[in-house]
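Trainee: My questions will all concern the structure given below.
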Amino acid sequence: MFLAGLSIPGRTGEDVGPSGQNIQKDAGINQRDIRSDHNARLEKINKIDLEIFDIEAMYWAWRIKDKDTTYYDLLDKSKRWIILAETKNKLFAKIQENLDTGTVRALTAAEQDKLDDAKSRIRAILSDGAPEHPGLAAQRAQMAKVDEIDKEILDIRARYWAFRIKNDGDVTYDTLLAYSKKWVGIKETTTKLMEKIKGLLAGGDITPLDELEHNQLDDAHARIRAILR
């Protein structure tokens, strides 16, 4: 996935560099080095993927059950994942098994922490002196767009959740905080949101959203879903 095409000047491929070496030969060596580096990174990533195999399968099965995504949407998105094909096939088989057997549940806080730590270690492997993988760059661009929308509606979302916690009573702050760790978005923005909610709860009465604000919230969520498709 880190392979880069190298163009060789000249019609016969016999151009030489300053040291008299054949450029075509050097390019072949360089490509082999890149492939070797890529394979070494993929091997390290695979070890981490196997460490969290059951946790990740449960994570995705829960998101599917919670209607945050579908099995086939996830399968399509997985084309951009940096993962060994064999491991990915086993992961999707396990996700399907969890769904079929009805053993799906939300991750515990400890499991979520372990998953987050693993993803952080994988990002470190990918960023360690290597050009950014196209799939990772695309994901980063996606998250930037999502974050832009999240920031637009930060105050509205904070009031929406604070009102539900204080007046509707169908969710608690602690439960929402646990769920927020699984939300798609930039961690810093989610932290700001939870801090705003806590501030509203500590204050006086919370004003419910009006119709315009509900529409703004719905529109923002629709735009985010369109980005993540």
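Trainee: Out of Lys90, Lys182, Lys187, Lys94, I need the residue that is closer than 30 Å to Gly203 by Cα, among the basic types (Lys, Arg) and surrounded by 14 or more Cβ atoms within 10 Å (Cβ to Cβ). Which one? It would help to see each step written out before you state the result.
Mentor: Working: Lys90 fails: closer than 30 Å to Gly203 by Cα; Lys187 fails: surrounded by 14 or more Cβ atoms within 10 Å (Cβ to Cβ); Lys94 fails: closer than 30 Å to Gly203 by Cα.
When all the criteria are applied, what remains is Lys182.
Trainee: Sort through Thr87, Thr103 and tell me the only one that's polar (S, T, N, Q), closer than 20 Å to Lys182 by Cβ and over 16 Å from the mean Cα position of the chain (by Cα). Spell out the reasoning first.
Mentor: Values: Thr87 fails: closer than 20 Å to Lys182 by Cβ.
Step by step, each of Thr87, Thr103 is checked, and only Thr103 is polar (S, T, N, Q), closer than 20 Å to Lys182 by Cβ and over 16 Å from the mean Cα position of the chain (by Cα).
Trainee: Those residues that are part of a helix (DSSP H, G or I) and loosely packed, with under 13 Cβ neighbours inside 10 Å, I need them from the range 194-218; list them, please. Steps first, please.
Mentor: Taking the range 194-218 first, the residues part of a helix (DSSP H, G or I) are 194-202, 211-218.
Glu195, Gly199, Ala202, Glu211, Leu212, Asn215, Asp218 - these are the residues of the range 194-218 that are part of a helix (DSSP H, G or I) and loosely packed, with under 13 Cβ neighbours inside 10 Å.
Trainee: Quickly run through the range 219-229 and pick out the residues that are in contact (Cβ under 8 Å) with a residue 24 or more places away in the chain and in a helix (DSSP H, G or I).
Mentor: Initially, the range 219-229 is screened for residues in contact (Cβ under 8 Å) with a residue 24 or more places away in the chain, giving 220, 223-224, 227-229.
Across the range 219-229, the qualifying residues are Ala220, Arg223, Ile224, Ile227, Leu228.
Trainee: Evaluate the range 155-171: report whether one residue or more is farther than 24 Å from Ala109 by Cβ, touching a Lys or Arg at 6+ places or on another chain (Cβ under 8 Å), part of a helix (DSSP H, G or I) and not assigned by TED's automatic domain parsing to the domain that holds Trp60.
Mentor: Yes, some residue in the range 155-171 is farther than 24 Å from Ala109 by Cβ, touching a Lys or Arg at 6+ places or on another chain (Cβ under 8 Å), part of a helix (DSSP H, G or I) and not assigned by TED's automatic domain parsing to the domain that holds Trp60.
Trainee: Among the listed residues Asp76, Asp49, which satisfies the condition of being assigned to a helix (DSSP H, G or I), at pLDDT 85 or above and closer than 19 Å to Lys182 by Cβ?
Mentor: Details: Asp76 fails: closer than 19 Å to Lys182 by Cβ.
Within the list Asp76, Asp49, the selection yields Asp49.
The values are calculated or read from the model by the stated rules, or taken from the named source; none is laboratory data. What you are looking at is a predicted structure, and each value in this text was computed from that prediction instead of being measured. Here Cβ is always computed from backbone atoms with ideal geometry, including for glycine, and neighbour counts include all displayed protein chains.
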